[in-house]
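A.B. asks: Let me begin by handing over the structure; questions about it come next.
The values are calculated or read from the model by the stated rules, or taken from the named source; none is laboratory data. Note that this is a predicted model, so its numbers are computed, not measured. Neighbour counts run over all protein chains shown; Cβ positions are idealised from the backbone, glycine included.
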Amino acid sequence: MTEVTSNEQIVVGKIGAVYGVKGWLKVHSFTEEQEAILDYFPWSLKLGNKVQTVEVTDWRKHNKGLVVKIDNIDDRDVAQTLVSSEIFVDKTMLPELPEGEFYWRDLIGMTVVTDKGYDLGEVSDLLETGSNDVLVVKANRNDGFGKKERLIPYLEDQVVKSVCAENKQICVDWDPGF
């Protein structure tokens, strides 16, 4: 067991409940296409500060999700010890994105400023809604509008004017009072 170094590995999903009596587990995929999580191996499962590398030997769709069989886990009680584990993979496994596209993890921590220069705060999270993604922006301590958090739709060209990875800054057309 080793400690995960967040600079080298990223979370791509989470182990859900046990499925059946033969050690199968439900998987919650954080990848855009849920089955894409199966493109990235090996998996490191992290629960607390304990980490173990596992091999998925089989999988199948179940209802609207996925279930997986992990090598050497043939018992429901043993599988139960993995429930709630985060699934990490080496970030070098992810494909390079075309110019102008970003992984969510790349946007977290970026400063968000309006096209008029007002500092709205820092991206703390992103939300996936039915129509578009939303930036969760933690406002600065001394925000002039008394905001603690802003939800800004990630609509390229309409709201998001530019993303500068070098400066870790996102420029938006957004009313700071909203």
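A.B. asks: Which residue out of V123, V159 is surrounded by 14 or more Cβ atoms within 10 Å (Cβ to Cβ) and either under 21 Å from F30 (Cβ atoms) or polar (S, T, N, Q) (or both)? Spell out how you get there, then give the answer.
C.D. replies: Details: V159 fails: either under 21 Å from F30 (Cβ atoms) or polar (S, T, N, Q) (or both).
Sole residue among the options that is surrounded by 14 or more Cβ atoms within 10 Å (Cβ to Cβ) and either under 21 Å from F30 (Cβ atoms) or polar (S, T, N, Q) (or both): V123.
A.B. asks: Starting from region 103-125, take each residue that is at positive phi and list its partners that are small (G, A, S) and assigned to a strand (DSSP E or B), counting only C-beta distances under 9 angstrom and pairs at least six apart or across chains.
C.D. replies: G109/S124
A.B. asks: Then there's this: Would you confirm whether or not region 88-102 contains a residue that is in contact with a Leu (Cβ under 6 Å, 6 or more places away or on another chain), surrounded by 17 or more Cβ atoms within 10 Å (Cβ to Cβ) and either modelled with pLDDT of 95 or more or not β-branched (V, I, T) (or both)?
C.D. replies: no
A.B. asks: Could I ask something else about it? Of the residues that sit in region 137-152 and are surrounded by fewer than 17 Cβ atoms within 10 Å (Cβ to Cβ) and not in a loop (DSSP other than H, G, I, E, B), which one is farthest from the chain's Cα centre (by Cα)? Spell out the reasoning first.
C.D. replies: Step one: of region 137-152, the residues surrounded by fewer than 17 Cβ atoms within 10 Å (Cβ to Cβ) are 140-142, 144-149, 151.
Next, from what is left, pick out any that are not in a loop (DSSP other than H, G, I, E, B): 149, 151.
Values: E149: 20, L151: 17 Å.
Per the criteria, the residue is E149.
A.B. asks: Residues to consider are V83, V78, V134; find the one that is assigned by TED's automatic domain parsing to the domain that holds V21 and under 21 Å from the mean Cα position of the chain (by Cα). Give the derivation first.
C.D. replies: Values: V78 fails: under 21 Å from the mean Cα position of the chain (by Cα); V134 fails: assigned by TED's automatic domain parsing to the domain that holds V21.
Residue meeting the stated conditions: V83.
A.B. asks: Please determine whether any residue of region 52-72 is surrounded by fewer than 18 Cβ atoms within 10 Å (Cβ to Cβ), more than 17 Å from the chain's Cα centre (by Cα), in a loop (DSSP other than H, G, I, E, B) and among the basic types (K, R).
C.D. replies: Yes, region 52-72 contains a residue that is surrounded by fewer than 18 Cβ atoms within 10 Å (Cβ to Cβ), more than 17 Å from the chain's Cα centre (by Cα), in a loop (DSSP other than H, G, I, E, B) and among the basic types (K, R).
A.B. asks: Can you name the number of the only condition in (1) without any contact (Cβ under 8 Å) to a residue 40 or more places away in the chain; (2) in contact with a Cys (Cβ under 9 Å, 6 or more places away or on another chain) that V136 fails?
C.D. replies: Only one criterion is unmet by V136, namely (2).
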